[in-house]
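K.L.:
A single structure is presented below for examination.
Rule-based calculations on the coordinates, nothing more; no lab input. Computed from a prediction, not measured in an experiment: that's the story for all the values here. No Cβ is skipped: glycine too gets one built from the backbone with ideal geometry, and neighbour counts run over all protein chains shown.
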């Protein structure tokens, strides 16, 4: 099976930020998929030759290679719809849309018609696609790259950890936990400890007795959301987007919808106990109380952290079941296998 894979190579197209999530998880997992030959077409090419030339080169590559599948994990507006339509006439094409709980109305719905298939991680988006005439929709989910996310060989010397970017609500959660005497280590953009590389991230999660998968609402009132009403990201640039004002406002409101994030699967893969709030169809992936811990509010979070830090055997049993469930059901190889079967590949 020959696949032309197109996505970011570096985080936000910036080599100084390291490899992108897409590269470290999707690309690396696809290259290990049995029988797959993956041809890489990173979007950073547009920084050298421009967007139009990059699209021409992509189309030429698809015409020349005649792949069984064109797989796109889009970032912003890198791919022209005319290019996508041409590719769709040459081979099967599929787009991975991971943020449809908030990005459907001002992004995904405009690109979806130009692919043979779309994959969404938001269960309620399936009907939304069908309402606009897109029938070839696959509901899938994030997973864990178990070649990268694995248990640490060191002892669990961290009580609680959180790795992820700062936002207002996450800041409030961490502040309250510290005020209640909970020892928590925090890393990521916007925090005192700053952003860390993936190897260190995996190590910290693996050393943690409890790891938080914080997924609070990111719909807050402030300068950044206000700017997004009128502007959007295009590659590494910010460009005007006044004509999509109402869709952008709708996007901001929908950010209050809890989202299943990739960290939900990466934490159990490192054999750490996942603490998170319910989101979408999360209970279909991990059984609450048996394979992970679900908390309802901040008070409940504090009580449960204190409880499980004191009950080692119970904590380790849930951790082990979550780890085993991840290896069995929640790897990217498993996700891609399910998708390829639907695509009849």
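K.L.:
Taking the Cα centre of each part, how many Å lie between region 7-81 and region 174-211?
P.N.:
31
K.L.:
Can you give the helix-only mean residue ellipticity at 222 nm for the chain, where every DSSP H stretch with n ≥ 4 adds -39500 (n - 2.57) and the sum goes over all residues, rounded to the nearest 500 deg cm²/dmol?
P.N.:
Values: 14 runs with 132 residues, N = 345.
One gets -11000 deg cm²/dmol as the mean residue ellipticity at 222 nm.
K.L.:
Now for a separate question. Does region 235-345 classify as rounded, prolate or oblate by the C-alpha gyration tensor (a ≥ b ≥ c root eigenvalues; a/c under 1.5 gives rounded; else a/b over b/c gives prolate, otherwise oblate)?
P.N.:
oblate
K.L.:
Could you check the spin-label model distance between residue 223 and residue 281? Points 7 Å from the Cα along Cα→Cβ, value in nm.
P.N.:
4.1
K.L.:
For 330, 180, what ranking results if the residue with the fewest other Cβ atoms within 10 Å of its Cβ goes first?
P.N.:
Working: 330 22, 180 14.
Fewest-to-most ranking of 330, 180: 180, 330.
K.L.:
Select from 263, 236, 271 the residue whose mean-square fluctuation is largest in a Gaussian network model of the chain (Cα-Cα springs shorter than 10 Å).
P.N.:
236
K.L.:
With springs only between Cα atoms under 10 Å apart, run a GNM on the chain and tell me which of 160, 176, 62 wobbles the most.
P.N.:
176
K.L.:
Same structure, new question: I'm a student and want to see the number: the projected area of the Cα convex hull of the chain, averaged over all directions, in nm².
P.N.:
In nm², the orientation-averaged hull projection of the chain is 17.3.
K.L.:
Using label points projected 7 Å from each Cα along Cα→Cβ, tell me how many nm separate residue 300 and residue 56, to one decimal.
P.N.:
5.7
K.L.:
Another question about this same structure. Rg/Rh for region 1-152 to two decimals, with Rh computed the Kirkwood way over all alpha-carbon pairs.
P.N.:
Rg/Rh for region 1-152 comes to 0.95.
K.L.:
Here's something else I'd like to know. Distance in nm between label sites at residue 12 and residue 153, each 7 Å beyond Cα in the beta-carbon direction?
P.N.:
My value for the distance between the label points is 3.5 nm.
K.L.:
In what order do 126, 118 fall by count of nearby beta-carbon atoms within 10 Å, going from fewest to most?
P.N.:
Taking fewest neighbouring Cβ atoms as first place, the list is 126, 118.
K.L.:
Need the C-alpha centroid separation for region 143-168 versus region 103-133, integer Å.
P.N.:
31
K.L.:
Okay, next question. Ranking 102, 166 by Cβ neighbours within 10 Å, fewest first, what do you get? Could the numbers behind the result be given before it?
P.N.:
Numbers: 102 20, 166 14.
Result, fewest neighbours first: 166, 102.
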